[in-house]
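Worksheet: one structure, shown below.
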Amino acid sequence: MAAYEMMHFNEQITGVIPLRNDLQSTPFTKSQRKLLRKNRKKFRREITPLNITTEKEVLYRKYKKARFPEQIERSLEDFFGHTTHPFSEECYDTWEINYYNNHNELVAVSYFDKGKYSLGSIMCTFDMAYDNDSLGFYSMLEEIEYARSLELRYYYAGYVLDVPSCFDYKLRLQNTQFYNWEGDWSSWKTFDLSKVYRQKLLQQLCQTMDFIHTHTPLNGGLRTYKEYFNEIWSDTFHRDPPKLNAPYFLNFSINDSLQLIVLYTPRNKAYEVLLLEYGFHEKLNHLGCAHNLHQLVIMIESQYKHAFGSSSFNMKSL
């Protein structure tokens, strides 16, 4: 399970849905052309390779604090990896568009990567005093225009979430495609929320919980494990790796010192069962894997009896 298929955002776990647009079939609407004309009269643009300055660092921090106060504060140097990964400049061709007002003051910067066939938008930071100028969306239009001037094929706008969010403005582009994390891009018109990885995971875990409640004497519930998302950043920010390799799990209390944990991976259609022992030090033991609900319940019964050396576990009829 890849951490980047989901993320912890605004105090909740969400599914991540990457987006792209085929530049050969993404015309601007009348209102989008109007926004381009209006802001081009109001702001001067300058396209350059990535060049981090103190002025841009200040703009970045103010923007992040205003828009995403719950996120860990980082500098632009950290964001682009110059501090922790000195060879990142050799891996990515990162550029920026700087936007200046009539007083030649920097009011926004959009960052993107150039590839052989595509342009990938990274982010846009802007002075919140210009929030009414739709600088985030406007910067996407300018990036698309620049990509077209280079005769590139695709524009990658980033992602939206499987819940309403501040990223939904990206769907205002025409003929948007989404990625299903299984190698396929499809028209957004065919998007089915129930097929998002996180939704499939939650659905299966809820069905599993009901099955265990029906066929065993155990009681438990669905839990979230946001520390799972430390995995993707553990090397970069020296965080401890997660104890559980899943953002959601089922938790069943056996007694005051034992907790049974069930994980599920939709892609492999497999369960993992663990036993958490409380004491002076917590101990997490891997008990085994199962590939269907019947195997799972039988394994839970076997491990329960093994742990207690008794037949006090009375499994209900399957």
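What follows is calculated from the coordinates using simple rules that are stated; it is not laboratory data. Nothing here was measured: the structure is a model prediction, and the numbers come from that model. Using ideal geometry, Cβ is built from the backbone for each residue, glycine included, and neighbour counts are taken over all protein chains shown.
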(request) DSSP loop (so not H, G, I, E, B), at most 16 other Cβ within 10 Å: list which GluC sites (Glu not before Pro) in the range 131-203 pass both filters. (result) E151, E182
(request) Using a Förster distance of 51 angstrom, determine the FRET efficiency expected from the C-beta separation of T29 and T265, and round it to 0.05. (result) 0.80
(request) Compute the acute angle (0 to 90°) between the alpha-carbon long axis of helix 135-149 and the principal axis of greatest extent of the alpha-carbon atoms of the chain; round to the nearest 10°. (result) 70
(request) Collect residues whose amide H, placed 1.01 Å from N in the peptide plane, falls under 5 Å from the amide H of F9; neighbours closer than 5 in sequence don't count. (result) T14
(request) Only Lys, Arg, Asp and Glu count, each charged at its Cβ (+1, +1, -1, -1), so figure out the dipole size of the range 172-219 about its Cα centre, rounded to 20 debye. (result) 200
(request) Order the peptides 245-251, 99-105 from the highest to the lowest mean number of other Cβ atoms within 10 Å of their residues. (result) 245-251, 99-105
(request) Send over the Kirkwood Rh of the range 91-130, from the inverse of the averaged 1/r over different Cα pairs, rounded to one decimal Å. (result) 11.2
(message) Run the numbers for Y117 and L171: contour at 0.36 nm per residue of separation, minus the present Cα-Cα distance, in nm.
(response) 17.3 nm
(request) At a Cα cut-off below 18 Å, give the aspartates and glutamates reachable from K269, other chains included and same-chain residues fewer than 8 away excluded. (result) E5, E182, D210
(request) Specify which residue in the list P247, L23, Y117 is farthest towards the positive end of the charge dipole of the chain, using unit charges on the beta carbon of Lys, Arg (+1) and Asp, Glu (-1), about the Cα centre. (result) L23
(message) What does the charge count around G288 come to, taking other residues whose C-beta lies under 13 Å from its C-beta (Lys +1, Arg +1, Asp -1, Glu -1)?
(response) -2
(request) Please provide three numbers in whole Å: the alpha-carbon extents of the range 3-191 along the principal axes, with the largest listed first. (result) 45, 38, 33
(message) Per residue of the range 283-297, what does 6.51 cos²θ - 1.76 cosθ + 1.60 with θ = phi - 60° give for ³J(HN,Hα)? Whole Hz please, x for Gly and Pro, Karplus curve as stated.
(response) 9, 10, 10, 7, 9, x, 10, 9, 10, 7, 5, 5, 4, 4, 5
(request) Take S139, S149 and order them by how many other Cβ atoms sit within 10 Å, fewest up front. (result) S149, S139
(request) Compute the Kirkwood hydrodynamic radius of the chain, taking the inverse of the mean of 1/r over all pairs of distinct Cα atoms, and give it in Å to one decimal. (result) 22.7
(message) Just want the ordering: Y111, Y117, Y225, from fewest to most Cβ atoms lying within 10 Å of their own Cβ.
(response) Y117, Y225, Y111
(message) Within 13 Å, Cβ to Cβ, of T176, how many net charges do the neighbouring residues add up to if Lys/Arg are +1 and Asp/Glu are -1?
(response) +2
